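The values are calculated or read from the model by the stated rules, or taken from the named source; none is laboratory data. Treat the numbers as computed from the prediction; the structure is a model and nothing was measured. Virtual Cβ from ideal backbone geometry, glycine too; neighbours counted across all protein chains shown. Note: areas computed on protein heavy atoms with side chains; ligands, DNA, RNA excluded. Shrake-Rupley method; radii C 1.70, N 1.55, O 1.52, S 1.80 Å.
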Amino acid sequence: MMRFYRLLLRLYPASFRAEYEAEMCAIFATRRRDENALMAGIRAVFDVLTTAPRVHADVCWQDLAWTLRTLRQSPGFTLTALTITALGLGATTAAFTLLDHVLLRPLPFPRPEQLMVLAQTAPRGNGRAAVTPPNYEDWRSMNKSFSSLGAYIGVPLPVNLSGQGEPARLDAWTVNAYVFPTLGVRPAVGRSLTAEDDRPGAPSVVMFSDELAGALFGGASNAVGRTIRLDNRPYTIVGVMPPGFAFPTREARLWTPLAGLPPTSWESRTNHMLGVIGRLRPDVSLEQARADLRVIAGQLERAYPKENDDVGADVRGMRDIIAPNSRLLVLAVFGGAFCVLLIACSNLANLLFARAMVRRQELAVRVAIGAGRERLVRQLLTESLALALAGGAIGLGLAALATPALAVLVPLGLPIRATPEMDWRVFGFAAALAVATSVVFGVGPAVRSLREADLNALRARAAIGGHMSRLRSALVIGEIVATVVLLIGAGLLIKAIWRVQQVDPGFKPEGVLTLRTAVPFRSTPDERRAFYSRVLSEARTLPGVKSAAYVSFVPLTFSGGNFPVTVPGVTAPSEEIQAHVRFVTPDFFAALGIPLLRGRDISERDNSTSPRVVVISQSLARRLWPGQDPIGREINHGTVVGAVGDVAVNGLEADSMPQVYLSAEQLPPDLVFYAPKDLVVRASGNPAALTPALRRIIREVKPEQAISDVRLLEEIVWSQTAPRRAQLRVLGAFAAIALLLAAVGIHGVLSYAVSTRTQEVGVRMALGAGRGNILLMFLRQGLKLGVGGIVIAMPLAYGVARGMTSLLFGVNPADPSIYGAAALLALIMTMTGSLRPTLRAARVDPAITIRTE
Amino acid sequence: VTADVAALLPLPPVTFHILLALADEDRHGYAIIQEVAMRTNGELKLSAGTLYRSIQRMLEQGLIVETRDRPAPEDDDERRRYYRITKFGVETARAEARRLAQLVRLARASGFAPGRA
């Protein structure tokens, strides 16, 4: 019975037991004797079970109070440790949240791994292209791999929504009946689109997102069955998608069926306009689907040798359509954050370790006067955990602040939310790492010193074991390595951005305003022409307008619209060139500032009754007729009347195809999708000031016309580098944090070295060493760490830079100026960190240090 | 370790009882249990766990100390520890008593307790 009671007492903390076990046993023995033995036993069990947790809690409170007291006594240490932990955890959590959101988390559809994106491959390795409607129809009927294939038009069409409060401009996505079933998403209320809705002449219907239905009608069920007006035509809302649904981009709110398209545009095998998605059958692998589509593409090529010459099919997972560079941007940010976490942890280790060593004496004294070791360990543990958790809480706050800033790096083309949600798993991981670090380095050394010779520590400030100070030096070198790698990475990216911004887009963006007015597909050519000419002639009369024109798409905003160019009777099919085709009104080149190099501009006389004419870019002229005058020659799109400079249509960082410009008035009916939409106006003064006047003109010409994308051309060019700039800000911040932390680390190690070697310094000085020698001795120690870190970092940084080559825009991954600058910065950081402890060593007074020993 | 008296008020009942039990002489743990039981006519029988948890806290708070003065050897059991109330403990117990008296006065004024207001 007594044995059992003793066992029970083990539930109390050891310190409590040490004090009171004997007496409690005595009381238990008395009780057993005086009362019923069984009742005494039961009462004892109940007693221990209820009071033991409270005793533990008492001890924790005490330790916490002690922790707060000691941390307040050394505010420098506390602040540093908290800052380090918070920065490390905050950076890693925010960066991993982004990585997970963009690259890892499954897309928000059922069985997302079955969802595929299909595209045509352009002839002769010219990349991927949007799918032509007949090819889509053939793929759909011939394939055996997909349970469903859906198609939609690859760009949203702005529409004016009226009949429900204020007219609003919305982006409408044109989807066919198979898109939603392929995604596996049913409407929350009402019905989905059907094949019947896609037929020309079908009643006009539309589907809403839950968000839009809520905003306009206060809820999904209120919306279904209502009639709204889009571009002044009535549409019936037949269904509302579930909350959170967005496709193909995260901004999609409104879907219309294909019925609105002119039937002819559905028949052209050269009209690349469709995005295609497919759902794999459960038993079909990606490879099998690719093989299937390859066979079908071959059959189509034989059936339509002219249009489908060398046209293949590309199948890839929906998750994988994210551009490799977007992926790399995200990975680089995460890599940077991980560097910061490693630096933070090694710094924390160093800091706690130094503190534990300083405290060794205090602890030894307390053990000597009878404090239980278990109590001391508990106290130290409480302190370490409190530090790690408080730092972690601040870090979580930092991450919550930083995550929205990282949203710029979320690619627009994925149907996922714009702002990632905080990821708790990664926070847990980072917090666990911080806790482990603080326990291992904050408690471990202290416990060991307790176990070893307590009295030795009492007797002298014995120098610590050599291997421990070597470990600390190794940690600092590690910090310097990570810092230098970060510095080099950020430096190379800065140089790359600088280069991208130097790229000549081929036009002059300054002083140009653009806005989009998409005339509905149903409009007749005459209606369209009347609209353009009235808007343009009115705009040109505005004071401050130098020139104005319409174009299919302003450069940098749409990469589709590529068609083959051939010289009739000359070009072999294998030599066919893909070119960007745009329809323009007269004055387009002047408005955009594209130099007219030869011949003439498109003019008013190039209308539907006159011969078809084209203006081509210089690079196309050179490829077709090297060294000759292109004017007057024929290509498959018409007679060349002019040659202009090339434009970076696909973006500053991408290679652009040559360009072909056709007269807006000569638009073939099957290419109505490329009818001019974007108004460009060059102003002599501030272009933004023209916006109200232009809006008024358009409203007067056509009151129901939607206006969208009012932007300065400069903004469009500037936004090209926005993800890069965002990434650079993040990496730059990481590099700065790393630099700071590494300096703190060096400072810590040297301070400790100085404090343990004071006596040695005193002796040396007594023996005649000058202050200069002492200064050099410690400076050399700091430099050794710095140089060691830099030497190790260089090849590592080169490896990382090689991995980022595609982000570097031609900057040499071994660019010596960047490596030199990073090394110099690291050296300056080393010297700064070493300065204070070194100066302290040099101020040692030999008389005092020797006397105290 | 001594703190402000006011910071400890109101005292937990067990703490107050232990202080009362130590008012006239130093006692060891089991003697405190017996004394408290006697003073409360057997209504409050402290368990060992409750007693020593309170004692540990009271030692920390400086209300009591362990004393090295031992009783005559024939009465002594060397396993036993004896506790003595400190000056701070006396002050705290007095303050608690005043607090309780004040409370009773208020209760009387409202007619909840017998006696004159």
Problem set entry | Ordering of A:312-322, A:534-544, A:832-842 by burial proxy (mean other Cβ atoms within 10 Å per residue, highest first) | A:832-842, A:312-322, A:534-544
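Let me check against my output: what whole-number percent is the relative contact order of region A:132-286, with C-alpha pairs under 8 Å and at least 6 apart?
Values: 319 pairs, mean separation 54.5, N = 155.
Across region A:132-286, relative contact order equals 35 percent.
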Problem set entry | B:E66 accessible area, 1.4 Å probe, all protein chains in place, Å² to nearest 10 | 80
Seminar exercise, completed: In Å, the Kirkwood hydrodynamic radius from C-alpha pairs for the protein assembly as shown sits at 35.6
For this session: Place a +1 charge on the Cβ of each Lys and Arg in region A:711-853 and a -1 charge on the Cβ of each Asp and Glu, then give the dipole magnitude about the Cα centre in debye, rounded to the nearest 20.
Result: 240
Seminar exercise, completed: The answer for the protein assembly as shown, accessible area per residue at 1.4 Å probe in Å², is 45
Exercise. For region A:4-19, what does the Karplus curve 6.51 cos²θ - 1.76 cosθ + 1.60, with θ = phi - 60°, yield as ³J(HN,Hα) per residue in whole Hz, taken in order and with x for Gly and Pro?
Worked result: 4, 4, 4, 4, 4, 5, 5, 5, 7, x, 4, 5, 5, 4, 4, 6
For this session: Using a 1.4 Å probe and counting only protein heavy atoms, arrange A:R711, A:R33 so the residue with the most accessible area comes first.
Result: A:R33, A:R711
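Sorted by mean Cβ packing within 10 Å, highest first, what order do the peptides A:97-107, A:50-60 take? Walk me through the numbers before you get to the answer.
Details: A:97-107: 18.7, A:50-60: 16.1.
Highest mean packing first, the order is A:97-107, A:50-60.
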For this session: Please work out how much length the chain gains when fully extended from A:K144 to A:S74, using 0.36 nm per residue of separation minus the C-alpha to C-alpha distance, in nm with one decimal.
Result: 18.0 nm
Seminar exercise, completed: Taking a straight Cα-to-Cα line shorter than 17 Å from A:K784, and setting aside same-chain aspartates and glutamates fewer than 8 residues away, one finds A:E479
For this session: Mind ranking A:L280, B:L100 by accessible surface for me, highest first, 1.4 Å probe?
Result: B:L100, A:L280
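From other protein chains only, count the Cβ atoms within 10 Å of every residue's Cβ in A:756-768, then give the mean.
Working: counts 0, 0, 0, 0, 0, 0, 0, 0, 0, 0, 0, 0, 0.
Average per residue, whole number: 0.
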Problem set entry | Length added when fully stretched, A:T832-A:A405, from 0.36 nm per residue minus Cα-Cα | 150.6 nm
Problem set entry | Peptides ranked, highest mean first, by Cβ atoms within 10 Å: ranges A:64-76, A:379-391, A:330-342 | A:330-342, A:379-391, A:64-76
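Please compute the average number of Cβ atoms from other chains found within 10 Å of each residue's Cβ in peptide A:22-31.
Details: counts 5, 11, 7, 2, 7, 9, 1, 0, 3, 5.
Mean partner shielding for this stretch: 5.
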Seminar exercise, completed: Here region A:593-605 yields Karplus 3J(HN,Hα) values (6.51, -1.76, 1.60; θ = phi - 60°; whole Hz; Gly and Pro given as x) of x, 8, x, 8, 8, 8, x, 10, 6, 4, 10, 4, 7
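Residues of A:791-798, mean number of Cβ from any other protein chain within 10 Å of their own Cβ, rounded to a whole number?
The shielding value for this peptide is 0.
Quick one: if the Förster radius is 30 Å, what FRET efficiency do A:L471 and A:W66 give, using the C-beta to C-beta distance and rounding to 0.05? Could the numbers behind the result be given before it?
Working: r = 28 Å, r/R0 = 0.94.
Taking R0 as 30 Å, the efficiency between A:L471 and A:W66 is 0.60.
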For this session: Go through A:S326, A:S209, A:S719 and list them by solvent-accessible area, largest first, probe radius 1.4 Å.
Result: A:S719, A:S326, A:S209
